[in-house]
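Below: the structure, in structure tokens.
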Amino acid sequence: MSTTTELSETTLLRFATAGSVDDGKSTLVGRLLHDSKSVLADQLEAVEHASRNRGQDAPDLALLTDGLRAEREQGITIDVAYRYFATPRRRFILADTPGHVQYTRNMVTGASTAELTVILIDARNGVVEQTRRHAALAALLRVPHVVLAVNKMDLVEYQESVFAAIAEEFTAYATELGVPEITAIPISALAGDNVVEPSANMDWYGGPTVLEHLETVPVTHDLSHCHARLPVQYVIRPQTAEHPDYRGYAGQIAAGSFRVGEQVTVLPSGRATKISGIDVLGEPVDVAWTAQSVTLLLEDDIDISRGDLIVPSKDAPPTTQDIEATVCHVADQPLTVGHRVLLKHGTRTVKAIVKDIPSRLTLDDLSLHPHPGQLVANDIGRVKIRTAEPLPVDSYADSRRTGSFILIDPSDGTTLTAGMVGESFASPEPVKDEAEDDGWDF
């Protein structure tokens, strides 16, 4: 079992692409798919046909990922496009995210589970505001590896000085944000330079190509060694003649592993018991790991329902009604102090109120604007939230799955904000919010 788990962890890489409008993200992805022989013949034929209809001589490889009609007509990416491909050395799940500022929320979606992010920069334009925003989001989402792909080097005559200046500026900025690893690669996605094959036009560059780096970067974010967490999705009680007393608690293991006989605690109630059995696909097993959908059987009859969290008793997170987090606001509607929201954490959704917004991050110089009063679309800031019920939350730095949450508009179900519990950026001293909301002051 352990050998299989280690193999899958080292051969699968989830990564996302990000960058400003027209930096060439979709072209890079198309080039990766095409040059790694991951495009089916009929797909390539369809792209060639669409390119001819648009008056282009060569196939537009960006069309391999820009699947929406609006995207193809405008030549931009709007939605997150997921692609699956493989080489002999590794399997990949790729999220191609849009570059427009108003679609930054989709970059949050695409990078939230990524182990690597490729941030593209147009060599003619250098580091721009959207580049800084994507770097900040990569740091906020704790993406362990960042690749800086300086694209369109062919349009600046493959000059090393242009690449070096951009790489130095971006690396200094991302390092200040706390990005742990940055690899800069000069490329031309359109011409194929340094994407899959080394470039003959940049003999001054001796590093890896994009694909070579993707194939060899260590995948160290192994959730099977993190704090064990099982958010309960469903309680199974068949009450049949064959299983009259069966009571199982089903869900997908968010992190860690569970074993039969292990002492566990159910949160937020705090009741303790032991695991008497584990079922996976209807078959009993002794141990279950991260990402497996399982059913746990417990020795004692405890009141457990959807939204509860089963954890090892020796490694239980604290429960709290006061949450401090760094958030990225993704809705057009501003998030304000006193805002009444629903907070979804794992499988549990509770009422909550925004008690304070201590700071908003200024992307230009990474300074903090204290107490802005509200966050608007694409803002990154710190918030303090009070929930109606206690929640068992981890720090996002310790667990990306159980340290994250979303805020929802209770009136129409719109996702307002993506939040990461704990410290991501320094914040000024909090100011007590004097506003009160009847019925929501927990």
Could you run the Debye sum over the Cα atoms of the stretch 76-217, one equal point scatterer each and no solvent, and tell me log10 of I(q)/I(0) at q = 0.11, 0.22 Å⁻¹, two decimals?
-0.39, -1.58
Once amide H atoms are placed 1.01 Å from N in the peptide plane, what residues at a sequence separation of 5 or more from L416, or on another chain, have their amide H within under 5 Å of its amide H?
L407, I408, D409
For D245, placing the label point 7 angstrom along Cα-to-beta-carbon and taking the stretch 270-300, residues whose amide nitrogen sits under 15 Å are 276-277, 297-300
Length added when fully stretched, D203-N53, from 0.36 nm per residue minus Cα-Cα
50.3 nm
Considering only protein heavy atoms, with the full assembly of protein chains and a 1.4 angstrom probe, order E181, E129, E242 by accessible area, largest first.
E242, E129, E181
Set the Förster distance to 51 Å, then compute FRET efficiency between T11 and H371 from the Cβ-Cβ distance, nearest 0.05.
0.60
Binned Cα-Cα distance frequencies in the stretch 139-197 - 10 Å width, integer %:
23, 46, 27, 4
For A184, the residues 5 or more places away or on another chain with a placed amide H closer than 5 Å to its own amide H are L148
In 5 Å bins starting at zero, report the fraction of Cα pairs in the stretch 263-315 per bin as a rounded %.
5, 19, 29, 27, 18, 3
Can you work out the base-10 log of I(q)/I(0) for the stretch 238-393 at q = 0.15, 0.20 1/Å, using the Debye formula on its C-alpha atoms alone?
-0.85, -1.16
Quote to one decimal, in nm, the extra length available between A172 and T216 on full extension: 0.36 nm per residue of separation minus the C-alpha distance between them.
13.4 nm
FRET efficiency (V21, R306; Cβ distance; R0 56 Å; to 0.05) is 0.85
Calculated from backbone phi, Karplus (6.51, -1.76, 1.60) coupling profile of the stretch 278-285 in Hz, x at Gly/Pro:
10, 10, 10, 6, x, 10, x, 9
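The values are calculated or read from the model by the stated rules, or taken from the named source; none is laboratory data. What you see is a predicted model; the values in this text were computed from it and never measured. Positions of Cβ are backbone-derived with ideal geometry, glycine not excepted, and every protein chain shown enters the neighbour counts. In case anyone asks, the SASA skips ligands and DNA or RNA and just uses the protein heavy atoms, side chains included. Shrake-Rupley method; radii C 1.70, N 1.55, O 1.52, S 1.80 Å.
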